[in-house]
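Let me begin by presenting the structure, written as structure tokens, before commenting on it.
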Amino acid sequence: MNNKIMTVITIVILIAVVLFGVISQRQEQNEELELEEYENTAMMLDTVNTIRTYGPGGEEAVQQAFGRLEEIEALLDLYDEESSLNRINQNAGGEAVEVEAELLEVLELAKEFAAENQGAFDPTIGALTLLWGWGSEEGPSIPAQEDIEQALGLVDYNRLEISPEEQTARLEEEGMILDLGAIAKGYAGDEAVEVLLEKGIERAFVNLGGNIVLLGTKPDETPWRIGIQNPRSDRGSAMGSVDIGEEDLINGQIAVATSGDYERYFEDNDTRYHHIIDPETGYPAEGGAVSTTVVSENPSRTDALSTGLFVLGLERGLELAESLEGVEAVFITEDKEVYLTSGLEVDENFQLMDDEFIIVN
Ligand code: ADP
Ligand code: MG
């Protein structure tokens, strides 16, 4: 009799334990699934911007982040006569111009990154970008050699004066022009993530015209997979990917940006003229890479570095990337050779998807 009761009690307890296990597992799964996803896309900063959030409050957070991007565009757009950036450009060689604290902050970042990139990224590249006709109504064309030489004399980030006390900026010589095209999307990504964080978003995917910022891990805990475009495919197919797991995040986030000679270019006599200019020569950079991808914590720095490393080229660019803490890079050559910095490993955090490409190191 006693034995029977004991057996019944044991069975009841066992069933309860198993049931509890099943229920609590269900709840965990539910918690994963309950992270509602919200995604929206908007045209701004001359490009397509997509933000995807996981968790409650996504719609409002994304709306606010887009609002932030609009503000940034109004400050930094070279092709908007009214932008604060252009007030500095219009007064080049003249009086210092009082501008928003935010614009000064971006200019200071740009100078800092110009130095880090040994001048290969230079925010005063504008005289050359305009001379080549990028953004003009007629479209780009090859300038006269003497015009290039003259414009070269107007490119030097050391001649951008910033006064934090007066809250002013000044370009030293008439004709000098600021162009923040190689850092604006990165900076905007940085600010968009700030807005999302303020709104309590902990996981998000931000893609501003190919400048990507990842916040937190994916809800299903698989790594983020960021495709790297085949630089010679019209269909925009990926030749490989960088995979970002929890251990790859730095302070909970990571940025990925690519600069390539396929983004904007024209051809003349079988020569490709693209939009990334070497501040030493005044011509489209020919450093041996056709695409450079950078992975690092800070989105502005990542954007500037992707352009700077492209200009520095395969050899000097790889050397610089390798020397920088917390920075990884992928260089691709015309011959489909792929060069990785030492923190990227094939079949670990880098996947090759197209076997026409060869990993050299
Ligand atoms: P994309 O804008 O295509 O994503 P980048 O981030 O490399 O690519 O930025 C390229 C833009 O930056 C050009 O369109 C031009 O406005 C500007 N730019 C070109 N060459 C340089 C350079 N050497 N340093 C700084 N900015 C540059
Ligand atoms: Mg860039």
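Stretch ASN3-ARG264 to full length: gain in nm at 0.36 nm per residue minus the Cα-Cα span? Let's see the in-between values first.
Working: separation 261, 0.36 × 261 = 93.96 nm, distance 8.32 nm.
Extra length available between ASN3 and ARG264 comes to 85.6 nm.
Just how much of ASP77 is accessible, in Å², when a 1.4 Å probe is used and the result is rounded to the nearest 10?
Roll a 1.4 Å probe over it and ASP77 shows about 50 Å².
Compare the Cα positions of GLY93, THR168, THR7 along the charge dipole of the chain (+1 at Cβ of Lys, Arg; -1 at Cβ of Asp, Glu; about the Cα centre) and return the one farthest towards the positive end.
Of the listed residues, the answer is THR7.
Could you pull out every residue, at least 5 positions away or on a different chain, whose amide H is within less than 5 Å of the one on HIS275? Hs are placed 1.01 Å off N in the peptide plane, and Pro or chain starts have none.
Residues meeting the amide H criterion: ARG264.
How long are the three semi-axes of the equivalent ellipsoid for region 209-361, computed from the Cα gyration tensor as the root of 5 times each eigenvalue, in whole Å, largest first? Please list the in-between numbers first.
Numbers: eigenvalues 129, 57, 40 Å².
Semi-axes (√(5λ), whole Å): 25, 17, 14.
Under 10 Å, Cα contacts only: if you run a Gaussian network model on the chain, which one of GLU37, GLU172, GLU334 comes out with the highest mean-square fluctuation?
Answer for the Gaussian network model of the chain: GLU334.
For region 242-258, in order, what is each residue's ³J(HN,Hα) by Karplus, 6.51 cos²θ - 1.76 cosθ + 1.60 with θ = phi - 60°, in whole Hz (x at glycine and Pro)?
Each residue's phi maps through the Karplus curve to give 9, 9, 10, x, 4, 6, 8, 6, 10, 6, x, 8, 7, 10, 9, 9, 10 Hz.
Taking H as built 1.01 Å from N, whose amide H comes closer than 5 Å to the amide H of MET44, not counting residues under 5 places away?
For MET44, whose amide H was placed from the backbone, the distant partners under 5 Å are ASN49.
With the other protein chains left in place, how much accessible area per residue, in square angstrom, belongs to the chain at a 1.4 angstrom probe?
Per-residue accessible area for the chain comes out at 50 Å².
Which one of GLU315, GLU73, GLU328 has the biggest mean-square fluctuation once the chain is modelled by GNM with Cα springs under 10 Å?
GLU315
So what are the three principal axis dimensions of the chain from its Cα atoms, in whole Å, longest to shortest?
Taking max minus min along each principal axis of the Cα atoms, the chain gives 108, 49, 36 Å.
Given points 7 Å out from each Cα along the Cα-Cβ axis, report the ALA115 to GLN167 separation in nanometres with one decimal.
If labels sit at ALA115 and GLN167, their model points lie 2.5 nm apart.
Whole-Hz Karplus ³J(HN,Hα) for region 180-185, in order, using 6.51 cos²θ - 1.76 cosθ + 1.60 and θ = phi - 60°, x for Gly and Pro?
9, x, 8, 9, 4, 5
So how tilted is helix 58-76 from the main axis of the chain? Cα-based, degrees 0 to 90, rounded to 10.
That works out to roughly 10 degrees.
Given springs between every Cα pair under 10 Å in a Gaussian network model of the chain, which of GLN145, GLN253, GLN118 has the largest fluctuation?
In this elastic network of the chain, the residue with the biggest mean-square fluctuation among GLN145, GLN253, GLN118 is GLN145.
For region 294-299, in order, what is each residue's ³J(HN,Hα) by Karplus, 6.51 cos²θ - 1.76 cosθ + 1.60 with θ = phi - 60°, in whole Hz (x at glycine and Pro)?
10, 10, 7, 5, 8, x
What residues qualify as long-range amide H neighbours of ILE125, i.e. H under 5 Å apart, gap of 5 or more or another chain, H built at 1.01 Å from N?
ASP179
The values are calculated or read from the model by the stated rules, or taken from the named source; none is laboratory data. Values in this document were obtained by computation on a predicted structure and should not be read as measured data. Neighbour counts run over all protein chains shown; Cβ positions are idealised from the backbone, glycine included. Side chains included, ligands, DNA and RNA excluded: accessible areas come from the protein's heavy atoms. Shrake-Rupley method; radii C 1.70, N 1.55, O 1.52, S 1.80 Å.
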